[in-house]
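The values are calculated or read from the model by the stated rules, or taken from the named source; none is laboratory data. The structure presented is a predicted model; accordingly, all values stated were derived computationally and were not measured. Reconstructed Cβ throughout: ideal geometry from the backbone, glycine too, with neighbour counts over all protein chains shown. Just so you know, the surface numbers come from the protein's heavy atoms only, side chains and all, with ligands and any DNA or RNA stripped out. Shrake-Rupley method; radii C 1.70, N 1.55, O 1.52, S 1.80 Å.
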Amino acid sequence: MPAAALSPEIQTKYEPVIGLEVHVQLLTVTKAFCGCANKFGAEPNTNICPVCLGLPGALPVLNARAVEFATLAALALGCEVRERSIFARKNYFYPDLPKGYQISQYDRPLAEHGWIEVPTADGAMKRIGITRLHMEEDAGKSLHDGFPDSATRTYLDLNRCGTPLIEIVSEPDIRTPDEAFEYLTRLKEILLYTGVSDCNMEEGSLRCDANVSVRLKGAEQFGTKAEVKNVNSFRFIRAALEYEIERQIEVIESGGRVTQETRLWNANEGRTYSMRSKEQAHDYRYFPEPDLPPLIVSPEFLSEARKKLPELPEARRTRMIADYDLTVQDAHTLTASREFADRFEAAAKTARNPRRVANVLLSEVGGRLKALGLAPEQSPVSMAGIVQAADLLDDGKISSKQMKQLFDLCFAKGEDFPVVYEREKPQQITDSSALEALIDEVIAANPRQVEQYRAGKKTLAGFFVGQAMRASNGQANPALLNELVVKKLDR
Ligand SMILES: [Zn+2]
């Protein structure tokens, strides 16, 4: 491990330069150029045909839905979509690529010049450029393990051949592993909102390669870069980049040169290994795909796609912060997925006080889910239940303490709020004389606060309400209690 060897003084002499290439499988029903099912997890080599196997004479036909999804993603990432883009053959030999080439796009990609904003270490927002977004097809899969004779044989599953992909290439604008993590997190979030991919990294629907180099701070030229391939979680990407940056600095500091190569991340050992020298573009002998005409994205097609664009996560957070009086952190929680944010907003609309719904959801339900390590969809309490609780609280029919007790029961028994409320029907003290007796006790016990209140510190009313509520075991009717406390104090 080189990590321990580098002093902070040496590390701060250098600046990392990071660019990311992300491959995303599109959620189309069929593959990019044939009618085979585009589905993860099928019996190996069952979703294949002459086209995706590249048998002689078979001709590709472009899936319109794949173009629609790629366009949608491009627009969501602020890219300019090219009216006329060209498919190209990327030639290379690999056992899981029976055609001997991949249909991709080269010098005329579908879209260019996009960006994603990420927060930086000092809390400001920084724009990371997107160089290009192009369409291509996936290769098959080599299965190196899991068979009795895996030591001597490799098996092939060609179901994945021809799965529609978009590749999103960032500018080398990223300067820290944290920025890379943020970029990926936001990219994934945007893509999930558009619905073009499930972005499931375990199933390989989203894969990331990172290019990283280091240079002396202030230097104009980039250093020699290494590519870290196929790391299967954003956290590992961050770790791989941290490792790789230190490794390269160490190579340079000890008088060596960084070699341009592809490296693999080993998560168990926490380090990267050299895999092969990096291919150059000319190694792939790109040329225009002769079996496909240019891809034309008409202005009409583009404006239709624009209409399908949902409100994107960052814009939605900004709006919801204003609509529901949220903190930035809370806005992130509520917009974690488009589906969840939609459900929340649909429910909040039906409540008397939408802000109260946000508050109950975040503090009562969110807090308990977090403590139990549950995902939002595992909550025993429905959105309708949260709305009911918020309305009851708003109407003063339950106190916040009673609401807390009801939610405790919901989570203890795995029952929704309306069920628990109907059964428990918490008793409220609405009898003025009973409440007045409680308030008198509290007033008698706190002469100093009474004096301060009467001298003008009116905010102390809340203190007396709280004390009296506690004395009532949380059963006092909150509105009535408030009214009586003020009346007595002002007497
Ligand atoms: Zn096929």
Other-chain or far-sequence residues with amide H under 5 Å of Asn38's (modelled H): Thr30, Lys31
Between 0 and 90°, nearest 10: helix 383-394 axis offset from the chain longest Cα axis: 30 degrees
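Which of Lys126/Lys307; Lys404/Lys488; Lys404/Lys425; Lys425/Lys488 have a Cα-Cα distance over 20 Å?
Check vs 20 Å cut-off fails for Lys126/Lys307; Lys404/Lys488; Lys425/Lys488.
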Net dipole in debye of the chain [+1 Lys, Arg Cβ; -1 Asp, Glu Cβ; about Cα centre; nearest 20]: 660 debye
Amide H within-cut-off set for Tyr14, under 5 Å, with H built and near neighbours excluded: Lys217
Relative contact order %, the chain, counting alpha carbon pairs below 8 Å whose residues are six or more apart: 14 percent
Ranking by accessible area, most exposed first, for His134, His332, His113 with a 1.4 Å probe: His113, His332, His134
Under Karplus coefficients 6.51, -1.76 and 1.60, residue-wise ³J(HN,Hα) of segment 482-489 in Hz, glycine/proline x: 3, 4, 5, 4, 4, 4, 5, 5
Whole-Hz ³J(HN,Hα) from phi, Karplus 6.51 cos²θ - 1.76 cosθ + 1.60, for segment 17-24, glycine and proline x: 10, 10, x, 10, 10, 10, 9, 10
Residues of segment 381-400 with amide N under 19 Å of the 7 Å Cα→Cβ point at Thr350: 381-395
Of Ala348, Val81, Leu156, farthest towards positive along the dipole that unit charges on Lys, Arg, Asp, Glu beta carbons give the chain: Ala348
Estimated [θ] at 222 nm from DSSP helical runs (n ≥ 4, -39500 (n - 2.57)) normalised by residues in the chain, nearest 500: -12000 deg cm²/dmol
Segment 317-447: relative contact order in percent, alpha carbon pairs under 8 Å with at least 6 residues between: 18 percent
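If DNA, RNA and ligands are ignored and the probe is 1.4 Å, what is the ranking of Phe236, Phe181, Phe33 by accessible area, most exposed first?
Phe236, Phe181, Phe33
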Degrees between helix 338-350 axis and first principal axis of the chain (Cα, 0 to 90, nearest 10): 30 degrees
Per-residue ³J(HN,Hα) for segment 143-149, Karplus 6.51 cos²θ - 1.76 cosθ + 1.60, θ = phi - 60°, Hz, x for Gly and Pro: 9, 8, 10, x, 10, x, 9
Positive dipole terminus of the chain, leading residue within Ala371, Met275, Ala180 (C-beta point charges): Ala371
Size of charge dipole - segment 35-183 - debye, nearest 20, with Cβ of Lys, Arg +1 and Asp, Glu -1, no other charges: 560 debye
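Determine, from the Cβ-Cβ distance of Asn230 and Arg257 and an R0 of 30 Å, the FRET efficiency 1/(1 + (r/R0)^6), rounded to the nearest 0.05.
That pair, Asn230 with Arg257, gives E of 0.75.
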Restricting segment 1-86 to trypsin sites (Lys or Arg not before Pro) in coil, as DSSP defines it, with at most 16 other Cβ within 10 Å: Lys39
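Just to confirm the filter: which trypsin sites (Lys or Arg not before Pro) across segment 121-199 are DSSP coil and have at most 13 other Cβ within 10 angstrom of their Cβ?
Answer in residue order: Arg153.
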Computed FRET value (nearest 0.05) for Val61 with Phe287, which takes r as the C-beta separation and R₀ as 25 Å: 0.80
Qualifying chymotrypsin sites (Phe, Trp or Tyr not before Pro) in segment 67-132, DSSP loop, other Cβ atoms within 10 Å at most 12: Phe93
For Ile429, distant residues with modelled amide H under 5 Å away: Ala476, Asn477
Pair Leu216, Thr430: separation of 7 Å Cα→Cβ label points (nm): 8.0 nm
Alpha carbon convex hull of the chain, volume per residue in cubic angstrom: 227 Å³
Accessible-area ranking of Val51, Val360, largest first, probe 1.4 Å: Val51, Val360
Leading residue at positive end of dipole, the chain (Cβ point charges), from Leu489, Asn359, Pro16: Leu489
Segment 163-268, relative contact order in percent, only Cα pairs under 8 angstrom and at least six apart counted: 25 percent
